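As structure tokens, the structure follows; a few thoughts come after it.
The values are calculated or read from the model by the stated rules, or taken from the named source; none is laboratory data. Nothing here was measured: the structure is a model prediction, and the numbers come from that model. Ideal geometry is used to build each Cβ from the backbone, glycine not excepted, and the neighbour counts take in all protein chains shown. Surface accessibility is based on the protein's heavy atoms, side chains included, excluding ligands, DNA and RNA. Shrake-Rupley method; radii C 1.70, N 1.55, O 1.52, S 1.80 Å.
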Amino acid sequence: MSKATNQPAEDSPTAAQPVRSAIALQLRWWHALLAGLVHAGLMLLAFPPVWLWGVAFLAALPLVWIAWNTPRSVRHGVCVLVGAMPFYAFHLSYIADITIAGFPPLLIYMSAWPAAFVWLTGSVHRRLSRLSATLVVPIVWVRLDVLRGEVIGGGFEWYTLAQPMIASTAFAAPAALGGVYLVTLLTILIAGIAMDVRSRNASQQRWECVLLVAVAMFWGVSPFVLNDFKAEQLINAAVVQTNVPQDNKIGWTLESRERDFAEFVELTRQAAAQSPDFIVWPETMFPGFALDEVSAAYLDEVGLASFNTMREELLALQQEIGIPMLVGATTAENLRVIEE
């Protein structure tokens, strides 16, 4: 037998192609649905309240596998959309308290992004099969993340692969250099490498392993190289985070405002006892009707001074604790009250 015929099959540049073709022929719609469900389950584990943040490294693998092997990227993308819904349904359920009609469209919209990844990656792979998953997967995934998080509708950048990494100083450190998208790129890159190591020949696999080691080394040294904070540059902030029903955005009654405000005050006093440099009330947390001086003066002028009670109590609270406060509140320009 000749030397050529004794050459191991995995060293042949085309050895993996029949295997991929066989997988593609056997791929069914329910495989894609299952991949979406597994992805949703892994994302649920990676995010709070469970927060097994390391699971984020595995969360994209089912989608990458489907995208790299699908012969019908549109059909399988739709199945992935359905499978991914439980994750977004759980984390966006509070929207139903604000607008029950808006919840289903938002659920479909968010679930469509994993589906778009499967469709786009599958289409690219079929047309440009020589390109590696290590190259295609991160480019497609991060570009879609940027499109969702920065472009469409002003951006909705929640629930990216990088966000669970905030639990680890080391794995979150690259964000100091390239923001959340760099951390996402490094995370999804591992899924691309895993796909190539499984499907490519031995010579290419060695390069993939070298790249994997390089990524691990970058992550290992980034906390020391990129984290240039000094102790004197740090501030100690206390954030008073509430847990009020989301429907207060459309129906926050005066009684509820007063009750919630009393709780906010108590939480603020507890925070002040820890001597922070400043205290934050985030977003639109102030339950009063006016915080700015112009609007408050107008309410006094038209005989609605009682609406300023919480404003006065908040100012008194800040004087009492003696700590600067950053307070999120709604306001209105050219405020007018019409009796009817």
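Search the stretch 92-117 for residues being of a type in the set (Ser, Thr, Tyr) and assigned to a helix (DSSP H, G or I), and hand back the single one that is farthest from Arg75 (Cα to Cα). Here the residue is Tyr109. Applying a threshold of 6 Å to beta carbon distances and a minimum spacing of six or more residues, or different chains, the list of pairs starting in the stretch 124-152 at a residue that is farther than 17 Å from Ala60 by Cα and surrounded by fewer than 21 Cβ atoms within 10 Å (Cβ to Cβ) and ending at one that is at pLDDT 95 or above and not polar (S, T, N, Q) reads Val124/Val136. Restricting the search to the stretch 315-331, which residues are free of Cβ contacts under 8 Å to residues at least 40 places away in the same chain and among the aliphatic types (A, V, I, L, M)? Listed by number, the residues that qualify are Leu315, Ala316.
Just one of Ala56, Ala67, Ala89 is in a helix (DSSP H, G or I) and farther than 24 Å from Asp196 by Cβ; which is it?
Working: Ala56 fails: farther than 24 Å from Asp196 by Cβ; Ala67 fails: farther than 24 Å from Asp196 by Cβ.
Unique residue meeting the criteria: Ala89.
Of all residues assigned to the stretch 159-178, none qualifies as being out of contact with any helix residue (DSSP H, G or I) (no Cβ under 8 Å at 6 or more places or on another chain) and of a type outside the set (Phe, Trp, Tyr). The C-beta contact set for the stretch 271-293 (first residue more than 12 Å from Ala329 (Cβ to Cβ), second residue loosely packed, with under 14 Cβ neighbours inside 10 Å and of a type in the set (D, E, K, R), distance under 9 angstrom, 6+ apart or interchain) comprises Ala272/Glu320.
Hey, among the residues in the stretch 293-333 that are assigned to a loop (DSSP other than H, G, I, E, B), open to solvent by less than 50 Å² (accessible area, probe 1.4 Å) and of a type outside the set (Gly, Ala, Ser), which one's modelled with the highest pLDDT?
Ile323
In the stretch 248-258, the condition of being under 32 Å from the mean Cα position of the chain (by Cα), modelled with pLDDT of 95 or more and not β-branched (Val, Ile, Thr) is met by no residue. Of all residue pairs spaced 6 or more apart or on separate chains, those with beta-carbon atoms under 8 Å, a first member in the stretch 53-82 that is charged (D, E, K, R) and a second member that is open to solvent by 40 Å² or more (accessible area, probe 1.4 Å) are Arg75/Trp29. Scanning the stretch 259-286 for residues that are modelled with pLDDT of 90 or more, outside any helix (DSSP H, G or I) and either surrounded by 15 or more Cβ atoms within 10 Å (Cβ to Cβ) or of a type in the set (A, V, I, L, M) (or both) yields Ala273, Pro276, Ile279, Val280, Trp281, Phe286.
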